[in-house]
Structure formats: C-alpha cells, structure tokens
Amino acid sequence: MIIYLQMIDTPEDRSKFEQIYLEYRGLMFHVANEILHNEQDAEDAVHQAFLNVAENMKKIGEPKCPKTKGYVVTIVENKAIDLYRRHKRHQMLELNDTVQGIQVIYEGENTLTACILKLPARYREVILLRYVQGIV
C-alpha cells in the first residue's frame with residue numbers, strides 16, 4: 001500500500017485511499033478472480049485498479065458509499081477484462097519435448113561434438129541451427 005500512498009499528494013486523500021483500500025480490496029480480488037479464474041492474474045488486476053484509483057482520487061467522494069463501491073468495482077472489472085483479452089491474444093502453447101530427430105552416431109574424438117549429439121533432438125537442433133547454419 002505504501003507504493004499507492006506515495007502517488008497521492010494530500011494527507012486527506014491518503015487517508016481516503018487507505019479507507020478505500022481496506023474496505024474494497026477483498027471485493028475487488030473476488031470480482032477479478034471471477035473473470036480471470038487465476039489468483040495471480042486477479043492480484044495483478046487489483047494492483048492495476050488501485051494504481052488507477054490512486055491517480056484519480058479527486059473523482060472519489062466518500063470512501064464508504066455505493067458510488068465509490070461501484071467505481072472501484074468497475075475499474076477492477078475493466079482491468080481484469082483487459083488482462084483476460086491480453087492473455088487470450090497471446091495464448092501459450094505447452095512445450096512438447098517429444099520432437100523427433102535423427103539418431104546420429106559419432107565415432108570421432110571431439111568431445112564437444114559427442115556431447116552435442118547426445119542432447120535431445122529439440123536442443124541439438126537449436127545448437128546446430130545457431131552455430132552451423134547461422135540462424136536464431
């Protein structure tokens with residue numbers, strides 16, 4: 001909370017922000033978690049929402065009123081939806097270590113070459129592309 005309080009100029013606004021933080025952080029986390037279904041992402045959305053609240057303290061009246069509650073819930077919903085869309089745009093694929101490669105038998109005396117050829121195909125291909133083909 002110290003980070004947020006450093007963004008606020010007046011002691012009155014700091015006190016108001018502290019009341020808002022203590023009153024609504026659980027609700028905001030719940031709303032974000034319902035949208036994202038991931039606790040870490042929900043915490044990120046709540047953090048971003050509190051940054052937005054700290055920047056816009058002039059727009060907030062009483063800390064414990066329905067209007068303030070609606071305001072902070074709307075902000076956290078928007079932050080959670082933005083985060084959801086960002087993750088959906090950049091979906092992650094699971095790493096598949098079962099890349100098939102050619103089995104190479106090396107009978108030379110170069111230890112480094114022998115070690116590289118013992119690597120799984122995925123890692124061996126990356127090294128060969130980088131140092132033999134100049135790619136990557």
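Read-outs throughout are calculated quantities, based only on the coordinates presented, and are distinct from any laboratory measurement. Please read these numbers as outputs of a predicted model, since none were measured by experiment. Here the Cβ positions follow ideal geometry from the backbone for every residue, glycine too, while neighbour counts run over all protein chains shown.
Based on the Kirkwood radius over alpha-carbon pairs, what value in µm²/s does the Stokes-Einstein equation return for the translational diffusion coefficient of the chain at 37 °C and 0.692 mPa s? Spell out each step's value before the answer.
Values: Rh = 19.0 Å.
Diffusion coefficient, whole number: 173 µm²/s.
Once you have the Cα-Cα distance between Lys64 and His90, take 0.36 nm times their residue separation minus that, and quote the gain in nm to one decimal. Spell out each step's value before the answer.
On the way: separation 26, 0.36 × 26 = 9.36 nm, distance 3.79 nm.
My answer for the length gained is 5.6 nm.
Taking only Cα atoms, what is the 0 to 90° angle, nearest 10, from helix 121-131's long axis to the longest principal axis of the chain?
80 degrees
Using a cut-off of 28 Å between alpha-carbon atoms, which lysines can reach Lys64, once sequence neighbours fewer than 8 places away in the same chain are excluded?
Straight-line reach from Lys64, under 28 Å: Lys16, Lys79.
Report, in degrees rounded to the nearest 10, the 0 to 90 angle that the Cα long axis of helix 11-36 makes with the longest principal axis of the chain.
50 degrees
Charges only on Cβ, +1 for Lys and Arg, -1 for Asp and Glu: so what's the dipole of segment 2-89 about the Cα centre, in debye to the nearest 20?
Values: 13 positive and 14 negative charges, 63 e Å.
Rounded to the nearest 20 debye, it is 300 debye.
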